[in-house]
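The values are calculated or read from the model by the stated rules, or taken from the named source; none is laboratory data. As the structure is a computational prediction, the values presented were derived from the model and not from experiment. Glycine gets a Cβ as well: all are built from the backbone with ideal geometry, and neighbour counts include every protein chain shown. Keep in mind that these areas ignore ligands, DNA and RNA; they rest on the heavy atoms of the full protein, side chains included. Shrake-Rupley method; radii C 1.70, N 1.55, O 1.52, S 1.80 Å.
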Amino acid sequence: MDTKKSEDQVFDSVAELFSVLSTPIRLKIISAVCQGEKNVSELLAEIDTTQPNMSQHLGMLYRSGVLAKRREGTQMYYRLQSERVATLCRAVCTQVAIELDGDSPVAPADRLVPSMLR
């Protein structure tokens, strides 16, 4: 495969991943499962949304390869499929929190950083 085609595939793959991560609720879901797998009820307890909306976003994250899932009885448990997504989210969220902290003397960066970073 030539270099140009390989480079195009990388950029296409990254653009697709950024598209999947472009919704705040999906970032919240990723943050929630960074510390370990959770079922839908546990996610709904942490994230303010409806069950149908949560299921829609979980489905998108699963189909895109960001999340993996397993069934236990009637419950479906979700976890990160790859640490690369968590690493990317940590890097971006840390930088944004630092920049927001610089704009506001009220909220220190450690309070702004999502749970995925702690």
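Scanning the stretch 39-98 for residues that are basic (Lys, Arg) and without any contact (Cβ under 8 Å) to a residue 24 or more places away in the chain gives Arg63, Lys69, Arg71, Arg84.
With the condition kept exactly as written, say whether any residue in the stretch 107-114 is modelled with pLDDT of 85 or more and not hydrophobic (A, V, I, L, M, F, W, C). No, that holds for no residue. I'd like the residue in the stretch 1-18 that is open to solvent by less than 90 Å² (accessible area, probe 1.4 Å) and among the polar types (S, T, N, Q) and, out of all such residues, is farthest from the chain's Cα centre (by Cα). The extreme case among them is Ser6. Among the residues of the stretch 50-73, are any among the small types (Gly, Ala, Ser), at pLDDT 95 or above and in a helix (DSSP H, G or I)? Yes, some residue in the stretch 50-73 is among the small types (Gly, Ala, Ser), at pLDDT 95 or above and in a helix (DSSP H, G or I).
Quick test for you: out of Leu44, Leu88, pick the one residue that is part of a helix (DSSP H, G or I) and touching a helix residue (DSSP H, G or I) at 6+ places or on another chain (Cβ under 7 Å). Outline the logic, then answer.
Working: Leu88 fails: touching a helix residue (DSSP H, G or I) at 6+ places or on another chain (Cβ under 7 Å).
Only one candidate passes the filter, namely Leu44.
Quick check: is even one residue across the stretch 37-57 open to solvent by 30 Å² or more (accessible area, probe 1.4 Å), among the small types (Gly, Ala, Ser) and within 15 Å of the chain's Cα centre (by Cα)? Yes - at least one qualifying residue is present in the stretch 37-57.
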